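Written out below as structure tokens is the structure these notes cover.
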Amino acid sequence: MQAGEKYWGAVTALLNALAEKRGWPHYSHRDYAVVVERLYNATGNKELVVGFSLAERLHSNIYHNFLSPQGFQLHREAVLTLIQKLKKLTTG
């Protein structure tokens, strides 16, 4: 459960950096969703939206412990892909 929260933290740190660079609000969970939607609109990359959704589930898993090990692995892989995509956007 704790590992999933660390992945969520990595995603939000990257979203904070991207939003700060663009002058967008990034102070709440809702702000993160808006940042992701804006990034999707700018890039057309639907994996940003899907990956963010799966990162949210990893985040909520720390409170509810509903993911099986296999489910966690599936979410983890998608979130690692999201992290790579967000990293590329920070340098672009």
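The values are calculated or read from the model by the stated rules, or taken from the named source; none is laboratory data. Quick caveat: nothing in here was measured; it's all calculated off a predicted structure. Every residue, glycine as well, gets a Cβ built from its backbone with ideal geometry; the counts of neighbours run over all protein chains shown.
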State yes or no: is Ala55 within 10 Å of the chain's Cα centre (by Cα), modelled with pLDDT of 95 or more and more than 16 Å from Leu80 (Cβ to Cβ)? no
Cβ-Cβ distance below 7 Å, separation of 6 or more or different chains: which pairs start in the range 12-39 with a residue that is over 14 Å from Ala55 (Cα atoms) and in contact (Cβ under 8 Å) with a residue 60 or more places away in the chain and end on one that is of a type in the set (Val, Ile, Thr) and assigned to a helix (DSSP H, G or I)? Ala17/Thr90; Leu18/Val35; Leu18/Thr90
Give the range 52-75 a look and list any residue that's farther than 22 Å from Arg30 by Cα and in contact (Cβ under 8 Å) with a residue 24 or more places away in the chain, or say none. Asn65, Leu67, Phe72
Are any of the residues in the range 44-52 part of a helix (DSSP H, G or I), modelled with pLDDT of 95 or more, under 20 Å from Gly92 (Cα atoms) and of a type in the set (Phe, Trp, Tyr)? yes
List every residue pair whose Cβ atoms sit under 9 Å apart, with the two residues 6 or more apart in sequence or on different chains, where the first one lies in the range 79-92 and is more than 10 Å from Ala55 (Cβ to Cβ) and the second, anywhere, is not in a helix (DSSP H, G or I). Lys85/Asn45
Gly4 fails exactly one of (1) under 20 Å from Glu77 (Cβ atoms); (2) part of a loop (DSSP other than H, G, I, E, B), namely (2)
Taking the condition buried (at least 19 other Cβ atoms within 10 Å of the Cβ) and not small (Gly, Ala, Ser), does Phe72 pass? no
With respect to the numbered conditions (1) in contact with a Lys or Arg (Cβ under 9 Å, 6 or more places away or on another chain); (2) assigned to a helix (DSSP H, G or I), which one is the sole condition not fulfilled by Lys87? (1)
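To keep it simple, each residue is scored yes or no on (1) part of a helix (DSSP H, G or I); (2) in contact with a Gly (Cβ under 7 Å, 6 or more places away or on another chain).
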{"position": "Val11", "(1), (2)": "yes, no"}
{"position": "His26", "(1), (2)": "no, no"}
{"position": "Arg38", "(1), (2)": "yes, no"}
{"position": "Tyr63", "(1), (2)": "yes, no"}
{"position": "Thr81", "(1), (2)": "yes, yes"}
